[in-house]
Amino acid sequence: MTGIALQLLGSFDVRTADGASVASTAGTQRLVALLALRSRIISRAAIAGALWPDASSSLGAVRLRAALTRIDPVTRTVLLVSAGGVGLDPRCTVDYRSARVLADHVLDTAAEPTTATAGETRSTIAVLCLQLLPDFYDDWALEEAEEWRLMRAETLESLVASLSRDARPYLAMHAAQSAIRDEPLRETAHVALVRLHIAAGNHGEALRAFTRFSATLADAVDVSPSDAFRELIDALPGATARAAVTADSGMNAPADTLDYL
């Protein structure tokens, strides 16, 4: 192993074997992040085109050569540089790659009984809540970040379903709430949380969760929850079902409904 680890989730960082952070310039970070995402040797022309899309091919080549000369000695040890291209040493640890493997495992084993401990599950949830290169605004970074965002959301919701099926409601609730904090406008995560509350017999909590989502959705994009979600709430018995008629407007509900909440 090279002993060098790259962190792309949450923020960019390069760390040595003893955990020390390595200072690097913004240019170095962009170059190394691109190489880490591609996982292969990239031609110099392709790198220059990605990092400086508005520059001519000759100017891009000059900028890349300059960027390579400015890389700090520690980071340079994990680069594979040749006349044909540049890549990242495959022995270098990249947290994003490990996270993708973790997410794939969760999705691939969704139909199987969960065997992870509570601590392992909470760690998995924490990783799935981390954004990819949140401070990078290059097209190549934004495209990869969007793909990871969708994968994280799907994986968290899959985890909620698995934990619910295996009668681990506390962890399922934790996963659902984490998914909601990460994607507050994604209805499927809210539906999963409401179903957990209903299964536990906490109808008031189910209605409260639906009301919060309705208000958030109305404020953000001026739309209402789906009919299917409303039907889930309307099926609740007694006063809860009657109160749900106005729940989609959030704080616009009548006073007696709010008293019930």
Carbon + sulfur, % of accessible area of the chain - ligands and nucleic acids excluded, 1.4 Å: 55
Which one of Leu35, Pro113, Leu232 is farthest out on the positive end of the charge dipole of the chain, using unit charges on Cβ (Lys, Arg +1; Asp, Glu -1) and the Cα centre as origin? Leu35
What FRET efficiency comes out for Glu231 versus Glu112 if R0 is 35 angstrom and r is the Cβ-Cβ distance? Round to the nearest 0.05. 0.70
Can you give the FRET efficiency for Leu59 and Ala20, using 1/(1 + (r/R0)^6), R0 = 30 Å, r = Cβ-Cβ distance, to the nearest 0.05? 0.25
Mean-square fluctuation check for the chain, GNM, Cα pairs under 10 Å: which of Thr115, Thr28, Thr77 is largest? Thr115
Non-local residues with an amide H under 5 Å from the amide H of Asp89, with H modelled 1.01 Å from N and Pro and chain starts lacking one, are Leu79, Leu80
Would you mind working out the accessible area per residue for the stretch 52-133, using a 1.4 Å probe, and quoting it in Å²? 55
Multiply the residue separation of Arg97 and Asp72 by 0.36 nm, subtract the distance between their alpha-carbon atoms, and state the gained length in nm to one decimal. 6.7 nm
Asp219 versus Asp104, label points 7 Å from Cα toward the beta carbon: distance in nm? 4.0
Report the antiparallel proportion of the DSSP beta bridges in the stretch 1-113 as a percent, rounded to a multiple of 5. 80
Quick one: Debye curve from the alpha-carbon atoms of the chain only, equal weights, vacuum; give me log10 I(q)/I(0) at q = 0.11, 0.15 Å⁻¹ to two decimals. -0.73, -1.02
On a full-extension model of 0.36 nm per residue, what is the gain between Leu142 and Ser39, subtracting their alpha-carbon distance, rounded to one decimal in nm? 35.4 nm
If you take every DSSP beta bridge whose two residues both sit in the chain, what share of them, in percent to the nearest 5, is antiparallel? 85
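The values are calculated or read from the model by the stated rules, or taken from the named source; none is laboratory data. All figures in this text were calculated on a predicted structure; none of them were measured in a lab. Methodologically, a virtual Cβ is constructed for each residue, glycine included, from the backbone with ideal geometry; neighbour enumeration extends over all protein chains shown. Just so you know, the surface numbers come from the protein's heavy atoms only, side chains and all, with ligands and any DNA or RNA stripped out. Shrake-Rupley method; radii C 1.70, N 1.55, O 1.52, S 1.80 Å.
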